[in-house]
Amino acid sequence: MNKKLIALAVAAVMAPAAAMADSGNVTIYGKMEASYDNISTGAAGQDTLSRISSNSSQLGFKGSEDLGNGLSAIWQIENQINVDSNGSATSAASANGAAGTRNTFVGLSSKTMGTFILGTHDTPYKLGTLSLNVFGDSMGNYTSIVGSANGTNVRDLRLGNVAAYISPTFNGFHGAIATSQLNEAGNSGLSNPSAWSATGVYDNGQLFASLSYEIQKYADAAATALSVQCLSAGGTISLIQTVAGCGAIGGTVLAGSNAAAATDSYDTKGTKLGLGWDFKQGTKVGFVYEKLNDSRTSQAGTRNAYVLNVAHTMGNNVIKAQYGKANDGETALDTSAKNWTIGVDHNLSKRTSIYALYTKTDNAEGATYGVGGTKTTGAYTPAVGEDPRAVSLGVKHSF
């Protein structure tokens, strides 16, 4: 009787998967990763934080259909899985995101012409150096420095409303370009934002090189007007920040005065170089250089940063170290930061590993760079000038 019950239970579980397999070569894949993180915040009155973090755990479904002549229809649905709780120690695990919260798309792929997709996806700019992120999806994520403008993620992005093209690989080289037209209602007060992102990658197995560029364009509904010439009731001409400010003192804006429109346009740009070398003796090194620019004078202007890392494999262990530095913004002094990370991975099998790492960020007086990057679920962003550090112990299983 027990054997019959077990057989029925197994059949019930496998039936949906079998039905999907019959409908078009469906592959189920994913990753479960969680870590125990102890964070020394540097904040007064709160020396440490302890948490369990779900580091980009995910469940996905993907498939393809052969259309003949080297052409295939492709699709993917990828979901975020939260294995931790974002509340108290006694609360239930936080609700998982809706279907398609990660890279989710439909498209066509040709062996000779490349791949075209529509949906939600990581930008080519992000993908251009993703293989050089040796502490990715952990508290040592290089986005603590790269892709971050003073602790705020501005470039390591996954965008919606994406149309993307990925070229075939020719002699180790391939390219990708994507646009995101985020012109739907409710974009945080930003009217009709859009983005263009591109990368070129060369990978011959030993040398890796990439060059990526991205521009994001916005119309800021809450833009600050430029200075206007205001003629006061007493006949004095002065510079006032806004037209309304001139009216508030009973003044008149002079004709031809340089006032901004109600909606002011601006853009942000990023350029990133990636280099990697495999010494073929178990040692790999990576280097990423990034230049960010924001056209708004209220922001940091131009900011340069770089990350250098090394990973050495000895049997089932991978020893890793990383150093990153962000310079001051062009118009934002004392916003530089440095980050150090060391760690070791121990592979229990081809799909399961455990790891330990230590990471520390030193901020200048006006900086707010954190640890854990800007997208990792356990990431921590400090108050201005604080120097956070963290110890993390994790388990990762891929399937």
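Since every read-out is calculated from the coordinates, none of them should be taken as a lab result. As the structure is a prediction and not an experimental result, all values here were calculated from the model. Note that we place each Cβ from the backbone using ideal geometry, even for glycine, and neighbour counts take in every protein chain shown.
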Whole-Hz couplings from phi, Karplus 6.51/-1.76/1.60, listed for segment 356-366; x for Gly and Pro: 9, 8, 10, 9, 8, 10, 9, 9, 5, 4, x
Sequence-distant aspartates and glutamates (8 or more away, or on other chains) whose Cα lies within less than 18 Å of LYS284: ASP203, ASP345
LEU132, LEU108, LEU159 arranged by Cβ crowding within 10 Å, fewest neighbours leading: LEU108, LEU159, LEU132
Overall Cα dimensions of segment 268-369, principal axis frame, Å, largest first: 52, 25, 20
